Structures are given as structure tokens and as C-alpha cells.
Amino acid sequence: MLKIDFNSVPYQPMPGTLQNRMAEAADREVDAETQIEVTLVLRYETNPDTFHANFQVATREAFTAQFHASAEDIQLVRAFAEHFGLTVAKASPDQRTVELKGTAAAFSKAFHVKLVSCSTKHGQTFRSRSGHIELPAPMLPVVEAIFGLDNRPVATPKYRVAKKKTKNRQHIIAHRAIKQAFYPNELSVIYGYPEGFTGENQRIGIIELGGGYRMQDMNTYFKQLNLPTPDIITVSVDGGVNNPTKPDSADVEVVLDIEVAGAVAPNAGIIVYFAPNTEKGFFDAIHAAVYDKQNTPSILSISWGASEGNWNEQSRKTYNETFQTAARMGVTVCAAAGDNGSSDGVADGKVHVDFPASSPFVLSCGGTSLTVQNQRIVSEIVWHNPDGGATGGGVSDFFEKPAYQQQINVPVSLNSGFAGRGVPDIAGNADPNSGYHILVDGQKLVVGGTSAVAPLVAGLIARINQEENKLAGFIHNDLYMGKYKYRDITEGDNKTTEDNQGYTAAKGWDPCTGWGILLDIA
């Protein structure tokens, strides 16, 4: 075992870990004996920058054989854990992660943090911290991220349930009745997705941070569509499980994701990664899916997220690095761009984009409002309802404009003038008033939101992978070079700030619907 006198080694703040204190935070410290689990992400033994820069694609086995954590770094973490009375529950050199377990008192001492108990007006209780995490100087170059000290909820699902007609006329005026609704396989025909392909031999991973599904609903739903019920595998991450309750819960998100992806690509396997809605849970679920050598998803669908500013630098950087790794493994990651327009639901008068959809390695999925007659599209515009709900979209304040967007007109950030990554990349039907029929907890609902677009596009990518007999993987370069078919959306806007800041659709790429409706390989 490596010997270091951690009592005499100076501590330093860990860059990127600055966390604000929550307004609801109590002054009461977390009980010293509270058991906590923490994930440490370690540096690569071999720098992967050249590999990433060349956009090479490798299998999971080939990638991890070359790029992993070193035995020396893991030994250092073990020595650190032993010194502070923490247990190494799991060390994974391939995934560059070490799981530590121990008491709140031990973690507070080891990382120089004060853990406090927080509560919300809804009765939720969780841990929070503020300031930086600190580490002994020898650990700073080794540890890239630490997740789990804070377990506040970090993300929300991006779905919206359509409101139904009532006898109250004022209610109808305030909340438009459903004008149309579609089954996902019906929509794939209307959009003209490649025919004769069903996602055979493809696997779609879905990230869920709560809720669950019932197999009885799945069997009933797909039987109604004359489609086979997908082969659904559930993976538990950090104790997350399939936990269906009632149809006004996160069950809607879980069922929407499975039923949309499964109806568009009925012969693709579905792997659902259930995890707690925490910074650690979300990261561990994504990480588990990307490195999953057993189930090997070739596409990931993520319908959870939060405004970029809600994440600290460590989270944005480490999540993004994992999405980059997914790209190198040939995995296409689709994420919902958000349902609150240009403000992304932040009431500060500024414009914001949602993360992880703003990651340069994620296929960001915006939303439209669709009108169809006789199975033909009459109109499709930017989703922006006067009674609430609009597609996310805009410019990142944190991620630089990537190379694949250099030749298009991405505006600078309206907040800072920063030349950031433009969001979204593509779009699809998301208006709940032209939403998707689903069956959840025995109840029929019509649901929209960009949550529906991520699994819709995931199903399309599964078809394209089958059609091309290869993985689309990181499609951004080809998408922006015109190697994919799409239908442009040129009407509407997503301006939802109090002073009407935001973006307007235009010919070609725009920060409302990206390139428009992705259809097929060109």
C-alpha cells in the first residue's frame, strides 16, 4: 500500500467544484454517522486527446484497453481512503472510477467540506454543501471529479401532458384542447423515416432518474399497435429501480421514452438505466450506459436536464468528457433541448440553454408543433404555445462553438457575447397539443415536450444504423456537412423571457429547431 502522511500534506481547493449554498439550506449539519457513497473520477493514464481529435471509433473493449486509470492512481486513492476511514467499495480502472463509502464525518474531514441538511417547501430533504471541495496536493492532478457529497435533485424531465377539454369555457380558452395526437409509429410514416427498417440488432439505452413502467401496459400498448413488445432490460444504478406508481409522476417520462423509441424501432432492444435524481446518480447512469460491455447500447436517449448555470464546472466538464467517450465508441447520444423556450425556465431575465443537451457531443433535440391532414404535413413550426411550453434553444455560455458549427451562422450569446455551441441540432414534434398517445399506469394520455423527441430520434438512428449496417455514432460532422436529409423549419420563435429575448426560426440552421426534422442518411 502506498504510504503518504496525509496529516502533513497541504490541502488545496479542487478547481471547478465551487457550489453555491441552497436558499433552503438549514444550518444543521448532517448527522456524523450518516452513510454516504461517493464517486471519484480519475485521470486517464494515457492522454486521449490525439485519439479524440482524430475522431477514431473503437469498441468499448478496444477503447478501455488503451485509455483507463493507472494502477498507481488507484493505489493513491486507496491509501487516501484508508487514512480517513473510508471504504473502497469498487475500483474500476476501465471506467476510471472509484466508489468510496463511509460516514458523513469521515467524508467531511477527508474533503474539507461542511455537509448540511436541506429541505424544500415540498418536504424533500437532502444533503448540500457550499464552497469548494479540497484535496491533498498529491491528489489534485489525479482526481478529475467527485460526485455524491451533495445529493440534491439536479434535473427535471422534459415532458408536458396535454390538457383535455372541460365544460369550463374559460379553461378551454386558457388551455388549448388537443388538436391532434399521434402514435409514434404513425409519426415515423408521416415524417418519411426509412422504410423497411426496424432497428434490428440495435440497442437503445434510456436514462431515467425516477419513475417506472408496468409490463402489462407495454404489452397492451404494443399489441394495440400490432407491434412486438420490445425486449426491455432494466439496469439498477446506485440503487435506482423500476418503481411505477401513478400517472402523474415520473412514470410518464419512463413510459414515454420506452413507448416512443420502441414504436419507431420495434426490433431494437431497450435498456433502461434507473438511477437517483442526483449529480452522482445522473453521472453514474450515463457512465454505466457508455461503458456497458454487456448490453452495448449503440444509442442513448436522455430526456432529463437542467439549465447550464445550475451545474458547476466539474459536472459540465466531466459529463461532457463522458459524452465524448461515447462518441469514440460509436454511440449516438440524443438529449431533450428543454420545454421552457429561450429562458429555459430561469426567471432572471436572461436566455439559457439546457444541459446535457448543450454538450457539443450530444445530438440536441428541439421541438415543433405539427399539423397533419390525410397523413400529410400541412404545417410545422417552432413549438411555442401561448399557454406555456416552448422548445429550448439558444447559445451555450460555457461550451465553445465546436468545429462542426464554424461554417454556419450561430449567433453569440445574448447574455455575454460568448461564441458558444448552438442548440439544438435537429427537432421533431413536441407540442403536447399535437402530442403522442401513450399508456401509463393503465391510463391513456397524450404527451409532448422535447422529452418525446429524444427517443423519437433515437429510434430513427436505430433504423439508420440498420440501414447503413454501421453505427452512426457521432453524427454531427456529417449532419453539418449535409450528409443527412432533413426538412427545414422556418416559422416561429422560442422567445420566453420577460423582455422577449430569444430566437426566431430561419432558413437553414437556427437556435430554435436546428436543421429541422432529421429524416434519413442522404
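Brief remarks follow.
- Looking only at the stretch 469-494, and only at residues there that are among the hydrophobic types (A, V, I, L, M, F, W, C) and in contact with a strand residue (DSSP E or B) (Cβ under 8 Å, 6 or more places away or on another chain), the one that is farthest from A458 (Cα to Cα): I489
- Cross-chain or 6+ apart pairs with Cβ under 9 Å, the stretch 81-104 first and on the phi > 0 side of the Ramachandran plot, then in a loop (DSSP other than H, G, I, E, B) and acidic (D, E): R96/E45
- Among (1) in a helix (DSSP H, G or I); (2) modelled with pLDDT under 95; (3) under 28 Å from N310 (Cβ atoms) - the single one S108 does not satisfy: (2)
- Of all residues in the stretch 488-522, those satisfying the criterion of being open to solvent by 30 Å² or more (accessible area, probe 1.4 Å), touching a residue at least 60 places away in the same chain (Cβ under 8 Å) and among the charged types (D, E, K, R) are E491, D493, K495, E498, D499.
- Any strands (runs of 3 or more DSSP E) falling wholly within the stretch 111-204 and containing at least 2 residues that are at pLDDT 90 or above and in contact with a helix residue (DSSP H, G or I) (Cβ under 8 Å, 6 or more places away or on another chain): 134-136, 143-147
- Some residue of the stretch 456-463 being more than 15 Å from Y191 (Cβ to Cβ) and not hydroxyl-bearing (S, T, Y): no
- Condition check for I426: buried (at least 24 other Cβ atoms within 10 Å of the Cβ), among the hydrophobic types (A, V, I, L, M, F, W, C) and in contact with a Pro (Cβ under 9 Å, 6 or more places away or on another chain): no
- Restricting G459, G428 to those that are touching a Ser or Thr at 6+ places or on another chain (Cβ under 9 Å), assigned to a strand (DSSP E or B) and at pLDDT 95 or above reduces the list to G428.
- The lone exception for Y404 - which of (1) open to solvent by 10 Å² or more (accessible area, probe 1.4 Å); (2) touching a residue at least 40 places away in the same chain (Cβ under 8 Å); (3) in a strand (DSSP E or B); (4) over 23 Å from V41 (Cα atoms) it fails: (3)
- Subset of the stretch 74-92 (residues that are in a helix (DSSP H, G or I) and either open to solvent by 40 Å² or more (accessible area, probe 1.4 Å) or in contact with an Asp or Glu (Cβ under 7 Å, 6 or more places away or on another chain) (or both)): Q75, R78, E82, H83
The values are calculated or read from the model by the stated rules, or taken from the named source; none is laboratory data. None of the values given here were measured: they were computed from a predicted structure. With ideal geometry, Cβ positions are generated from the backbone for all residues, glycine too; neighbour counts draw on all protein chains shown. The protein model used for the area step is the full one, side chains on, heavy atoms only, and it has no ligands, DNA or RNA in it. Shrake-Rupley method; radii C 1.70, N 1.55, O 1.52, S 1.80 Å.
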